[in-house]
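Since the structure comes first, as structure tokens, the remarks are kept for the end.
The values are calculated or read from the model by the stated rules, or taken from the named source; none is laboratory data. Computed from a predicted structure; not experimentally measured. With ideal geometry, Cβ positions are generated from the backbone for all residues, glycine too; neighbour counts draw on all protein chains shown.
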Amino acid sequence: MPRLGLERSPFRNLIPKNEGCVVSYCPIASAVGTRVLLDGGNAVDAMVATALALAATYPQAGNLAGGGYMLIKAPKDEGHILDYRESAPRLADPVLFAAAGDRSVRGGLAVAVPGTVAGLAEAVRRFGTWSWDRLVRPAIDLAEHGTWITNRQAKYLSLYHKDLASFPETARAMLPVEGMWRPGDLYCNPDLGKTLRTLGENGPDAFRMGPIADSIVTTVKRYGGVMDHGDLLDYRAIWRKPYTRRIFGHDVMTTPLPSGGGFIVILSLALLEAAGCAALPVRSTARYELLARAFRIAYALRAEFAGDPLVVPPEMLARCQELTQMVFDAGSIERFERELGLVGERPVREPYPPRNTTHMCAIDSAGMAVSNTYSLNTLFGSKLVAEGTGVLLNNTIDDFGILPDVPNWYQLFEGKYNTLAPGLRPLGSMAPTIVSDGDVIELVIGGSGGPRIPTAIAQTILGMYGNGLALSQASALPRVHHQYRPTQLDVEDSLDASHQEALERLGFDVVQFPRLGILAAAQYDVNAKTLMALLDSRF
């Protein structure tokens, strides 16, 4: 049995290697995945069962109608990225969305073509060992019989009660008849249970044709959206080659375009290694300054080069790949700052919304590892449930650049290759990552928090492999975040005031936040031959 440790996070567990482990943002969903491992399933089976369970137990981000990226790696293979990110409907029109106001994040117009069911099914088809229907069964039970509302669930359901209640379909599926959800209440979603049962009995194609698809399309159009049956029928998950680079003596593997997150992880870590950041004290102003500058450069280059490979010119795609593999030296940060005009920038302070998305990790007894991030985009997505299905729909259209020089919900100013157009997949920040040394997979990591995901991952990897810290120690260090525009430097309020003041004297507009990203990770300790599952203490 797992032996509970108390260092840093109450979710830290030391587990013998031969048992494998699963970690997610919900202990019930993690238990579902762990049961799959104990019953002989592999890491992909466990991941799919966990992701399906989260649709019932973690509705603010767990989903059937969102999208994401899954990184799968066995000890001796090259690794595989499954891109099941949402795509723009074929009738998507930037002019229509530009005039939509908050309808770009709420209601039918915000909904992109979902990829979650197609992605999970494709992962099972290629790498799973269990049947699809067997993996769906635990989620059916959770949706039909319910789970207890936690303090966190009650908080977010209360915070978004007005938005969820604004759509009758959502109110009927997710809200109590009277009042608010309270901790300890039993939360059931029988409509979601019926949908999952249909998917289990008829297969994953039942999501894109038949009554479920009819309900999704009808509901989306009722609230101003343009997605149609053809969009659902045409959607396909795509296998891509991961970005991989040797950094701090280890192979770091993560997501390629159209995810901008992996680009940020690889590029910023490469710059930090070249600049000698690992030689600086882990709690020093000089270190935080280098982090801010490297992240700012990475996000500036993301805005210039990144987008869906379908529309990014071949020479730009080659440049993105080149940047992730370029050999940098100690002066690279200064050269990029001059070339990108990042010296003497004018601070522009902007508000920043709360976290969202969710991440899960699995490692099985054979050493196969899966790092999976999926999302509805913002918390509870579009706030719209497809009538009669219990399925919350995403609001991923907002991840595109709708208008020039106008930020999205995350205050990201998107580049020219992330413009809304039919069939494209938007840039995002999801960055499921695996770190290995030779054939030994040592770290599986990812997180939530929009643009703060890749910077949180990079800082944790830097602490572990640059400074030799334990996972729990590296993840607990105060974080900073810079995303180029707005030009402010976000810092966690746990960062010592002296460092904040010193960073301001260096010209940064410092803005405090309680937390910058939430990580989930699993680490294999080569010496102790144990796995450690960790959910960020910020959760």
**OP:** Give the residue, chosen from ALA92, ALA171, that is more than 28 Å from THR433 (Cα to Cα) and free of Cβ contacts under 8 Å to residues at least 40 places away in the same chain.
**Re:** ALA171
Original post:
Is the stretch 452-467 home to any residue that is surrounded by fewer than 20 Cβ atoms within 10 Å (Cβ to Cβ), without any contact (Cβ under 8 Å) to a residue 60 or more places away in the chain, not hydroxyl-bearing (Ser, Thr, Tyr) and not assigned by TED's automatic domain parsing to the domain that holds GLY401?
Top reply: no
**OP:** Quick one: in the stretch 16-57, of everything that is within 19 Å of LYS529 (Cα to Cα) and surrounded by fewer than 20 Cβ atoms within 10 Å (Cβ to Cβ), which residue is modelled with the highest pLDDT?
**Re:** LEU38
Original post:
Filter the stretch 279-329 for residues that are modelled with pLDDT of 95 or more, among the small types (Gly, Ala, Ser) and surrounded by fewer than 19 Cβ atoms within 10 Å (Cβ to Cβ); which is farthest from ARG505 (Cα to Cα)?
Top reply: ALA279
Subject >> Residue that is surrounded by the fewest Cβ atoms within 10 Å (Cβ to Cβ), among those in the stretch 491-526 that are closer than 20 Å to THR460 by Cβ and of a type in the set (S, T, N, Q) >> reply: SER494
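Identify all residues within the stretch 318-337 that are in a loop (DSSP other than H, G, I, E, B) and either outside the structural domain of ARG245 (by TED's automatic domain parsing) or in contact with a strand residue (DSSP E or B) (Cβ under 9 Å, 6 or more places away or on another chain) (or both); write none if there are none.
Correct list: empty.
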Original post:
Of ARG485, ARG452, which residue is charged (D, E, K, R) and closer than 11 Å to GLY261 by Cα?
Top reply: ARG452
Original post:
If we scan the stretch 471-480, do we find a residue that is at pLDDT below 95, among the small types (Gly, Ala, Ser), touching a Cys at 6+ places or on another chain (Cβ under 8 Å) and more than 24 Å from THR324 (Cβ to Cβ)?
Top reply: no
Original post:
With respect to LEU233, is the statement that it is over 30 Å from GLU387 (Cβ atoms) and either outside the structural domain of ALA386 (by TED's automatic domain parsing) or free of Cβ contacts under 8 Å to residues at least 40 places away in the same chain (or both) true?
Top reply: no
**OP:** Kindly provide the set of residues from the stretch 130-149 that are out of contact with any Asp or Glu (no Cβ under 6 Å at 6 or more places or on another chain) and β-branched (Val, Ile, Thr), ordered by number.
**Re:** VAL136, ILE140, THR147
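Provide a single number: the residues in the stretch 166-220 that are aromatic (Phe, Trp, Tyr) and farther than 20 Å from LYS383 by Cβ.
Qualifying residue count for the region: 1.
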Subject >> Which numbered condition LEU534 fails, given (1) in a loop (DSSP other than H, G, I, E, B); (2) not assigned by TED's automatic domain parsing to the domain that holds ARG302 >> reply: (1)
Subject >> GLY146 surrounded by fewer than 20 Cβ atoms within 10 Å (Cβ to Cβ) and more than 19 Å from GLY381 (Cβ to Cβ) >> reply: yes
Subject >> Counted residues, the stretch 189-227 - those being modelled with pLDDT of 95 or more and surrounded by fewer than 17 Cβ atoms within 10 Å (Cβ to Cβ) >> reply: 12
**OP:** Answer yes if at least one residue in the stretch 153-168 is assigned to a loop (DSSP other than H, G, I, E, B), out of contact with any Pro (no Cβ under 9 Å at 6 or more places or on another chain), assigned by TED's automatic domain parsing to the domain that holds LYS383 and more than 23 Å from THR396 (Cα to Cα), and no otherwise.
**Re:** no
Original post:
Mind checking which residues of the stretch 203-229 are more than 21 Å from LEU120 (Cβ to Cβ) and among the charged types (D, E, K, R)?
Top reply: ASP214, LYS221, ARG222, ASP228
Original post:
Looking only at the stretch 221-249, which residues are β-branched (Val, Ile, Thr) and touching a Leu at 6+ places or on another chain (Cβ under 7 Å)?
Top reply: VAL226, ILE247
Original post:
What are the residues in the stretch 438-451 that are at pLDDT 95 or above and of a type outside the set (A, V, I, L, M, F, W, C), if any?
Top reply: GLU442, GLY446, GLY447, SER448
**OP:** Give the stretch 115-146 a look and list any residue that's in contact (Cβ under 8 Å) with a residue 60 or more places away in the chain, of a type in the set (S, T, N, Q) and in a loop (DSSP other than H, G, I, E, B), or say none.
**Re:** THR129
